[in-house]
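Colleague: Pasting a structure below so you can have a look.
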Amino acid sequence: METKQFDVVALGELLIDFTESGDSAQGNPLFEANPGGAPCNVLAMLNKLGRSCAFVGKVGDDLFGRQLREVVRGAGINTTHLILDGGCHTTLAFVKNEPNGDRDFSFYRDPGADMLLTAEEVPADTVSSARIFHFGSLSLTHAGVRAATQKAAAAAKAGGALISFDPNLRPPLWGCLEAAKEQIAWGLAQCDILKIADNELLFMTGEANFDKGAAALKAAYPNIRLLNVTAGAQGSYAYYENLRVFEPAQARGGTIETTGAGDTFCACILHFALKHGLNSLTESGLRAMLRFANAAAYLVTTKKGAIRSMPERAQVEALLAE
C-alpha cells in the first residue's frame, strides 16, 4: 500500500460503558464508568500494535465527553476530529453480565452525541488519508450520522483505502430489526474486511451453520475479501477465497467480562491486513492471524472495560508461547 497519513481511521460511537462492579454496603449495585465504544476500542488495540490511528466522532461537552477525549488521547489516538458538542450529552451504556456469559445493554442515547455527527463534520481528507477505514452499524441508526458514515466510506474508497466493517448489532438502538438488517446490508456491501459475530451471521443469513452462513454472505457480497466469524468461547473462523480456517479460543479461565473482546479481535485482524495485504494469503498465515487475535481477545476479558484494558503485544506473544 502507498504511504498514508494514518494506518486506520475509524468513525462512530465513543461512550461510557457502565459495567457492574459489585454492591455497595447498602446492597445497591455499583457500576464503573469505563471508556468505550467499539470503533475506539479497535483503535486502542491497534495503537498497542504500533499502528497510527485517528478517530472521527462526537461526544458531549460534558464531564464524560471531556473524560473520553483525554482517555482517547492517552491511548495514542489522534483526536483532531473528535467534536465536543455543548448542545447534547455523551452517550451512556449500562452493561449487565448474564450468568450464561451474554450481556444486556441499556443505552441512554435519545439523543446521544455520537448519533448527531453530520456529514458536514466529516473530514474527507483525513478519511481518504487512511490505509483502512473502519466503522460499525451504530453510526447507521439515524439519518444524520448515517449520512456522515456514507460520506466517510465514499471518501475512503476514493482514497484507495480498504474498508472494514463490524455489524456490532445492538437491537435496543433500532426502531425495528428490519431497519437494522437493511443498514447492516449496506455496510456489508461496502467492506473488504468483515468481522461478524455468530449471532449476527444468523441474523443476516438465517444460517446457524457458520460455513453456510459465510458462503451466503460471500455470494451476496463478493466485495468481501476476508471474512471473519467470532464464535465466543468456541473460537473464530476465517474465510478467504477458497480457504476456511478455524482456531479455538483460549480457554484459561479468569474471564471477568467480555466487553471489548470482539473489538480487540477485529484490531488484530486489521493489523494483519496492514502487514500482509489481502492478496495471496495462506492457510498458515490465516491460522497465525486467528491465533494471535484469539489470544488478545482473551486477555482483554480478564480486565474490566476496553480502551484502557488492551493488552501489550508482548503479553499476547507470551501467552502464545506458553
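Every number here is computed from the coordinates shown, using simple stated rules; none is lab data. Note that the structure is predicted; figures quoted are calculated from it, not measured. Every residue, glycine as well, gets a Cβ built from its backbone with ideal geometry; the counts of neighbours run over all protein chains shown.
Colleague: How about the stretch 254-289: which of its residues are farther than 16 Å from Ile163 by Cβ, aliphatic (A, V, I, L, M) and not in a helix (DSSP H, G or I)?
Modeller: Ile256, Leu281
Colleague: Among the residues of the stretch 302-322 satisfying the criterion of being surrounded by 23 or more Cβ atoms within 10 Å (Cβ to Cβ) and either under 19 Å from Ala273 (Cβ atoms) or not small (Gly, Ala, Ser) (or both), which is farthest from the chain's Cα centre (by Cα)?
Modeller: Selected residue: Val316.
Colleague: With the requirement that a residue be out of contact with any helix residue (DSSP H, G or I) (no Cβ under 9 Å at 6 or more places or on another chain) and touching a residue at least 60 places away in the same chain (Cβ under 8 Å), what does the stretch 8-28 give you?
Modeller: Hits for the stretch 8-28 are Asp17, Phe18, Thr19, Glu20, Ser21.
Colleague: Then there is this: For Leu290, which of the numbered conditions (1) of a type in the set (A, V, I, L, M); (2) buried (at least 24 other Cβ atoms within 10 Å of the Cβ); (3) in contact with a helix residue (DSSP H, G or I) (Cβ under 8 Å, 6 or more places away or on another chain) fails to hold?
Modeller: Single failed check for Leu290: (3).
Colleague: Do you know which residues across the stretch 107-130 are touching a residue at least 60 places away in the same chain (Cβ under 8 Å) and of a type in the set (Gly, Ala, Ser)?
Modeller: Passing the criteria: Gly112, Ser129, Ala130.
Colleague: With respect to Leu162, determine if the residue is surrounded by 15 or more Cβ atoms within 10 Å (Cβ to Cβ) and of a type in the set (A, V, I, L, M).
Modeller: yes
Colleague: A further question on this structure: Could you check Gly65 against (1) in a strand (DSSP E or B); (2) over 30 Å from Val316 (Cβ atoms) and say which number it fails?
Modeller: Among (1) in a strand (DSSP E or B); (2) over 30 Å from Val316 (Cβ atoms), the lone unmet condition for Gly65 is (1).
Colleague: Residues in the stretch 293-322 that are touching a helix residue (DSSP H, G or I) at 6+ places or on another chain (Cβ under 8 Å) and either assigned to a loop (DSSP other than H, G, I, E, B) or within 26 Å of Leu15 (Cα to Cα) (or both): how many?
Modeller: Matching residues across the stretch 293-322 total 18.
Colleague: Would it be correct to say that Lys96 is among the basic types (Lys, Arg), surrounded by 17 or more Cβ atoms within 10 Å (Cβ to Cβ) and closer than 21 Å to Glu257 by Cβ?
Modeller: Against the criterion (among the basic types (Lys, Arg), surrounded by 17 or more Cβ atoms within 10 Å (Cβ to Cβ) and closer than 21 Å to Glu257 by Cβ), Lys96 does not qualify.
Colleague: Next question. With respect to Ala295, determine if the residue is farther than 23 Å from Ser137 by Cα and either of a type in the set (Gly, Ala, Ser) or under 16 Å from the mean Cα position of the chain (by Cα) (or both).
Modeller: On the way: farther than 23 Å from Ser137 by Cα: yes; either of a type in the set (Gly, Ala, Ser) or under 16 Å from the mean Cα position of the chain (by Cα) (or both): yes.
In short, yes.
Colleague: Do we find that Arg131 is of a type in the set (Lys, Arg) and surrounded by fewer than 23 Cβ atoms within 10 Å (Cβ to Cβ) in this structure?
Modeller: Here the answer is no, as Arg131 does not meet what is asked.
Colleague: Return the only residue of Glu20, Glu70, Glu32 being part of a strand (DSSP E or B) and loosely packed, with under 15 Cβ neighbours inside 10 Å.
Modeller: Just one listed residue meets the conditions, Glu32.
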